[in-house]
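Colleague: Below is the structure I would like to discuss, written out as structure tokens.
The values are calculated or read from the model by the stated rules, or taken from the named source; none is laboratory data. These numbers come from a predicted model, not from an experiment. Neighbour counts are summed over all protein chains in view; Cβ atoms, including those assigned to glycine, are modelled from backbone coordinates with ideal geometry.
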Amino acid sequence: MLATAFFTVRGVVQFIYWSDPAHRDQALEPWMPLGFVARSYDVERDALAAALDLSPDANRRVPLEDLAENRGQEFEAFAREVEAAIQELRSK
Amino acid sequence: MTDWLLAALPTYGLPALSASIFLACLGVPLPASMMLLLSGAFVASGDLPFVQTVLTAFGSAVIGDNTGFLLGRHASGFLARQTEAIQKVGTYLQERGAWAIFLSRWLVAPLGPAINLAAGAGAVSWRRLLAPELAGEVIWVGLYISLGAAFGHALTMLSDALSTVIGLATSLTLMALAIRLLRQHRARNRKSVAFGQGS
């Protein structure tokens, strides 16, 4: 019965949390491939790759972490670039 | 741990999915459902091939379930002390357990590994297990891949919501089960008291 109460409360808390649209954009994580990021943020995958000077085909299923490493960047720096590129694509 | 596993999916692809589903069917606490949702999202984003992903997930789940069943069957000798309880569960599963087996693949998924073991140990016939097991895994794989593909942009939200629903369903099932056992126990006590007075 305690467990049922716990899951009910949890459901309500989650509903309130996710009702805020600001919580819905998922933060970039090192494991995410570029195509996944593009889909998450609703931008064209090829456009996003092009904005980052990456070839669209070479980057299937490569996590952001590895993309950053290939460019000789820290993940955080690369993630900021990706975010900036997404903002620019969205504002177009 | 979860992050590490999620990272294994883009890096190692389907073998990572297969291993986590197989182990989760045996009761190893891995976020296999989350992996399956993510696979659905990767299918939608073109990072994983659709047919192979579905077949891998389904095959690994079926092999995992049947391994649990076989483990239960061959380990039952070690469980001699609990034979009576296991026989009861086995008889129940054999006679009326199709729904229990079917639902424990997806809706009350946390009970799946225990049911596999109990079915094996309780001498449930393999033919009895197979149909509801296959049907349940079809629902599990179909549901999670499609949800992942449709709502991949809100994966954390989706996974939170699903685990709450599954948690609720599981705790309600256990509660109902406990109430039923308690009632049976009381009824039996009453009967034996009445019998004692009569003699």
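Colleague: Taking the stretch A:10-37 only, how many residues are part of a helix (DSSP H, G or I), at pLDDT 80 or above and more than 7 Å from chain B (Cβ to nearest Cβ)?
Modeller: 2
Colleague: Looking for whichever is modelled with pLDDT under 90 and either touching a helix residue (DSSP H, G or I) at 6+ places or on another chain (Cβ under 6 Å) or in a helix (DSSP H, G or I) (or both) here; the options are B:Leu93, B:Leu55, B:Leu9. Which one fits? So that I can check it myself, show each step before the final result.
Modeller: Details: B:Leu55 fails: modelled with pLDDT under 90; B:Leu9 fails: modelled with pLDDT under 90.
On inspection, the qualifying residue turns out to be B:Leu93.
Colleague: If you don't mind, another one. Would you confirm, using the coordinates I've provided, whether B:Ser18 is more than 14 Å from chain A (Cβ to nearest Cβ), under 13 Å from the mean Cα position of the chain (by Cα), surrounded by fewer than 24 Cβ atoms within 10 Å (Cβ to Cβ) and touching a residue at least 12 places away in the same chain (Cβ under 8 Å)?
Modeller: Judged against the criteria, B:Ser18 is not a match.
Colleague: Filtering the stretch A:53-75 down to residues that are away from chain B (no Cβ under 13 Å) and buried (at least 16 other Cβ atoms within 10 Å of the Cβ), which residue is farthest from B:Ala8 (Cα to Cα)?
Modeller: For the stretch A:53-75, the residue satisfying everything is A:Leu54.
Colleague: Conditions first: (1) of a type in the set (A, V, I, L, M); (2) within 14 Å of chain A (Cβ to nearest Cβ); (3) part of a helix (DSSP H, G or I). B:Ala135 passes all but one, so which condition is the exception?
Modeller: For B:Ala135, the failing item is (2).
Colleague: Would you check which residues across the stretch B:140-163 are within 16 Å of the chain's Cα centre (by Cα) and either more than 10 Å from every other protein chain (Cβ to nearest Cβ) or surrounded by 20 or more Cβ atoms within 10 Å (Cβ to Cβ) (or both) and list them?
Modeller: Once the filter is applied, which keeps residues that are within 16 Å of the chain's Cα centre (by Cα) and either more than 10 Å from every other protein chain (Cβ to nearest Cβ) or surrounded by 20 or more Cβ atoms within 10 Å (Cβ to Cβ) (or both), the stretch B:140-163 yields B:Trp140, B:Val141, B:Gly142, B:Leu143, B:Tyr144, B:Leu162.
Colleague: With respect to B:Ala123, determine if the residue is assigned to a helix (DSSP H, G or I), among the hydrophobic types (A, V, I, L, M, F, W, C), farther than 24 Å from B:Leu23 by Cβ and at pLDDT below 85.
Modeller: no
Colleague: While we're on this one: If a residue must be under 16 Å from B:Leu162 (Cβ atoms) and of a type outside the set (Gly, Ala, Ser), how many such residues does the stretch B:131-148 contain?
Modeller: Qualifying residue count, the stretch B:131-148: 7.
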